[in-house]
Amino acid sequence: MAANQIVIEPEELLRRAFPVLDDEEVAFLLDKLREQTYPPDTVLCHEGIYEDVFYLVSSGMTVIYKRLNDDEDLVLRYCGAGEFFGEMAIIQEAPRAASVRTTEETTVLEFDKNTLQALLNHNAQMALAMMRITFDRHRSNDQNTINNLRHSYETLEKLDRAKLDFIEVTAHELRTPLTVMRGYASILAMDANIQGNSMLAEIVEGIVSGTNRLHEVVNNMLDIQRIDMNQIKLSKSPVSLSVILKGIDKTLQEVFAERHLNFILDLGDNTDPIYVEADSGLLHKAIQQIVLNAVKYTPDNGTIKVTLRYEEHDFLATVAHITVQDTGIGIDPEHHKLIFEKFYRLGAAETHSSGKTAYKAGGPGLGLAISHGAIMAHGGQIWVESEGYSEETFPGSTFHILLPTKSRVPSQEGRFERMDRE
Ligand code: ADP
């Protein structure tokens with residue numbers, strides 16, 4: 001026993017800790033208890049394990065904690081003289097919800113599960129008092145967890161903000177010299193001397209396409225920064241999705257041919273012109289990104305099918321429903337939400353091939369985050385369905401996009417008239 005610890009006799013301790021006990025019950029407990037003294041750092045309760053002992057601290061101090069990961073614990077509370085622990089697992093007949101360790105030399109009174117249960121069966125007031133204390137502890141644990149979560153969330157938000165600031169500064173710093181390089185490279189590409197020399201022409205072509213690609217990445221970084229900071233500005237006008245989808249089909253014809261991919265565009269039998277109020281450029285970019293991903297993650301000779309339908313939706317009234325379905329490597333369900341986070345990409349970077357449209361040509365992990373941000377900014381929804389990932393069976397993925405629509409038909413004066421069902 002440490003020199004500064006006050007010794008309380010077991011009987012006195014029991015009466016102070018449980019005032020509702022009568023003399024007979026105190027005598028019963030005195031007969032059953034074991035008084036033990038443990039050195040500092042002794043683990044008395046082990047999280048996740050079924051254990052049968054209930055403890056009342058006589059002197060010293062213990063800490064109740066949960067394991068967060070291999071080298072971090074979450075302290076729930078400290079438990080000193082006159083306080084008890086170990087009752088929750090016994091009452092609930094469950095494994096220990098937390099671990100308990102002595103932080104200094106500690107003396108405890110120990111009772112077996114049967115003793116505690118016999119006492120609770122005998123004294124309803126004691127059972128109630130203990131339940132009340134147990135509930136209070138649950139409640140305060142919940143509150144602590146919520147406070148910790150809130151704190152972690154705030155820290156993550158600050159880190160994310162710092163990341164966005166860094167992206168913005170880097171992207172701006174890169175964009176200026178890149179624009180200069182692009183300009184000079186284009187001038188070189190037009191030079192008659194270079195055009196006349198096939199080797200030089202090929203080198204310059206490489207520089208032009210490399211700087212263009214870099215420019216695209218830098219622009220994507222700025223887009224994601226704007227989306228995340230809610231600084232995205234939509235310049236909306238009535239947009240026909242069929243026109244956008246046909247445009248994407250046309251733009252990517254060469255890519256489909258190069259990769260021997262079968263592209264099917266199914267616009268349904270919709271004869272009414274239906275328009276969405278949208279930023280045409282941003283929407284084009286968002287949808288094209290999904291199709292480009294289908295290209296990247298589908299092996300040669302695969303099929304990509306894009307459909308457009310108009311459906312009645314519970315919350316969004318009439319919606320345009322676009323699906324982009326591929327016969328590619330698929331995505332494990334555990335990643336279905338995370339792939340829409342910025343910089344989230346699957347597979348090791350070194351296993352990715354280079355190029356923008358080559359099979360498994362990994363990018364910086366910004367494409368889907370931009371698509372997601374753009375669709376959300378239009379009041380829509382985007383999600384993916386896929387059975388899982390396999391480079392043997394190629395289960396494929398289907399991306400779904402929902403966009404609210406406004407049905408309009410051109411009036412005789414050639415302007416659009418609203419046909420919203422209100
Ligand atoms: P990246 O630049 O890596 O392509 P994206 O944000 O476009 O980034 O996509 C994030 C991740 O989602 C990709 O790294 C890829 O693993 C996965 N993914 C996206 N589209 C598909 C798809 N059609 N099939 C399989 N995996 C996909």
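The values are calculated or read from the model by the stated rules, or taken from the named source; none is laboratory data. Just so it is clear, the structure is predicted and the values come from calculations on it, not from any experiment. Note: ideal-geometry Cβ built from the backbone for every residue, glycine included; neighbour counts use all protein chains shown. For the accessible areas, the whole protein counts, side chains as well, though only heavy atoms, and no ligand, DNA or RNA atoms are used. Shrake-Rupley method; radii C 1.70, N 1.55, O 1.52, S 1.80 Å.
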Lysines whose Cα lies under 17 Å from that of residue 305, excluding same-chain neighbours fewer than 8 positions away: 246, 250, 296
The range 3-59 - percent of accessible surface contributed by carbon and sulfur, probe 1.4 Å: 52
Dipole in debye (nearest 20) - the chain, about Cα centre, beta carbon charges: Lys, Arg +1; Asp, Glu -1: 1980
Gaussian network model of the chain, Cα within-10 Å springs - most flexible of 373, 365, 347: 347
Rounded percent of accessible protein surface that carbon and sulfur make up, the range 60-165, 1.4 Å probe: 52
Relative intensity, log₁₀ I(q)/I(0), of the chain from a Debye sum that treats every alpha carbon as a point, q = 0.06 Å⁻¹: -0.49
Listed residues 305, 233, 32, most fluctuating in the chain (Gaussian network, C-alpha, under 10 Å): 32
Å² per residue, accessible surface of the chain at 1.4 Å: 56
For residue 81, residues with placed amide H under 5 Å, excluding near neighbours: 60
Reachable lysines from residue 233, criterion Cα separation under 16 angstrom, eight or more residues apart if same chain: 285
The range 280-342 - percent of accessible surface contributed by carbon and sulfur, probe 1.4 Å: 50
372, 172, 151, 335, ranked by accessible area, largest first (probe 1.4 Å): 151, 172, 372, 335
